[in-house]
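Peer 1: One structure follows; several queries about it will come next.
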Amino acid sequence: MSDAFRVTLQTLQGGPTAVGAAGTHTLIVDRPVEGGGRGLGFNGGQLLYLAVGGCVSNDLYREAATQGIALSDVTVEVDGDFPGVGTPSTPVSVSVDVAGDASVEQLRALVDHVAEIAEIPLSMRDTTPVSVSVRRVESRPTP
């Protein structure tokens, strides 16, 4: 098995706070204080939604480059919920603000394309619906 995407979590001082690592990158994973944690890091649901948003953002830049579009600003917001213990996520909604040196139509088409191919949302769609939509698009000529 390839470990290209292997991550490791190691608890600190008896847990539940843990350091998550992927190669040389780290972050803190924790439970909220009211849930018995120290409230020092992301919880699992936040990490899942962060992965969805990070994938969409990265894919926007990757696909824009293949189309000769220079993006100057991207904001991705991911919303959803985990309504109870042992329940899956509610449907996930991804809103994208994007600005770049292409027409509004080209930028909208870019977001639509990424909505179809983004790997993390694709990995979830059989169990949790993920929708990606454009909230704001701005065409900015390259200086």
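Peer 1: Enumerate the calculated ³J(HN,Hα) couplings along region 99-108 in order (Karplus 6.51 cos²θ - 1.76 cosθ + 1.60, θ = phi - 60°), each rounded to whole Hz, writing x wherever the residue is Gly or Pro.
Peer 2: Computed from phi, the couplings for region 99-108 are 9, x, 8, 10, 5, 4, 4, 5, 5, 4 Hz.
Peer 1: A follow-up question, please. Gain in length, residue 5 to residue 42, computed as 0.36 nm per residue apart minus the alpha-carbon separation, to one decimal in nm?
Peer 2: Gain in length upon complete extension: 11.4 nm.
Peer 1: May I pose another question? Output the relative contact order of the chain, whole-number percent, from Cα pairs under 8 angstrom with separation of 6+ residues.
Peer 2: Working: 242 pairs, mean separation 25.0, N = 143.
So the answer I get is 17 percent.
Peer 1: Assign unit charges at the C-beta atoms only (+1 for Lys and Arg, -1 for Asp and Glu), then state the dipole size of region 82-143 relative to its Cα centre in Debye, rounded to the nearest 20.
Peer 2: On the way: 5 positive and 8 negative charges, 38 e Å.
Using Cβ point charges on Lys, Arg, Asp and Glu, region 82-143 gives about 180 debye.
Peer 1: Quick one: dipole size for the chain, taken about the Cα centre, charges +1 on Lys/Arg Cβ and -1 on Asp/Glu Cβ, in debye to the nearest 20. Provide the component values of the computation, followed by the final result.
Peer 2: Working: 9 positive and 17 negative charges, 69 e Å.
Rounded to the nearest 20 debye, it is 340 debye.
Peer 1: Shifting gears a bit: Using a 1.4 angstrom probe, figure out how much accessible area region 1-127 has per residue, in square angstrom, rounded to the nearest whole. Display every interim value, and only then the final one.
Peer 2: Details: 7570 Å² over 127 residues.
That works out to 60 Å² per residue.
Peer 1: Ranked highest first by average number of other Cβ atoms within 10 Å, how do 99-108, 70-79, 11-20 line up?
Peer 2: Going by the mean number of other Cβ atoms within 10 Å, highest first, we get 99-108, 70-79, 11-20.
Peer 1: If all Cα-Cα distances of the chain are sorted into 10 Å bins from 0 onward, what percent lands in each bin, rounded to whole numbers?
Peer 2: The calculated distribution, bin by bin, is 11, 33, 31, 19, 6, 0.
Peer 1: Next question, about the same structure. Along region 34-46, what does the Karplus equation 6.51 cos²θ - 1.76 cosθ + 1.60 (θ = phi - 60°) give for ³J(HN,Hα), rounded to whole Hz, x for Gly and Pro?
Peer 2: 5, x, x, x, 9, x, 9, x, 6, 8, x, x, 4
Peer 1: First compute the accessible area of region 54-123 with a 1.4 Å probe, then give the percent of it belonging to carbon and sulfur atoms.
Peer 2: 52 percent
Peer 1: Give the long-range amide H neighbours of residue 43: residues separated by 5 or more places, or on another chain, with amide H under 5 Å away, using H modelled in the peptide plane at 1.01 Å from N.
Peer 2: 30
Peer 1: For region 66-82, what does the Karplus curve 6.51 cos²θ - 1.76 cosθ + 1.60, with θ = phi - 60°, yield as ³J(HN,Hα) per residue in whole Hz, taken in order and with x for Gly and Pro?
Peer 2: With coefficients 6.51, -1.76 and 1.60, one gets 5, 9, x, 9, 9, 8, 9, 6, 9, 10, 10, 10, 10, 10, x, 7, 10 Hz.
Peer 1: For residue 102, list long-range residues whose amide hydrogen, built 1.01 Å from N in the peptide plane, is under 5 Å from its own amide hydrogen.
Peer 2: Under 5 Å from the amide H of residue 102: 140.
Peer 1: Could you work out how much longer the chain between residue 25 and residue 108 gets when fully extended? Use 0.36 nm per residue separation minus the Cα distance between them, nm to one decimal.
Peer 2: Length difference between fully extended and current span is 26.7 nm.
The values are calculated or read from the model by the stated rules, or taken from the named source; none is laboratory data. No experiment lies behind these values; they were computed from the predicted model shown. All Cβ positions, glycine included, derive from the backbone under ideal geometry; neighbour counts span all protein chains shown. Accessible surface areas use protein heavy atoms only, side chains included; no ligands, DNA or RNA. Shrake-Rupley method; radii C 1.70, N 1.55, O 1.52, S 1.80 Å.
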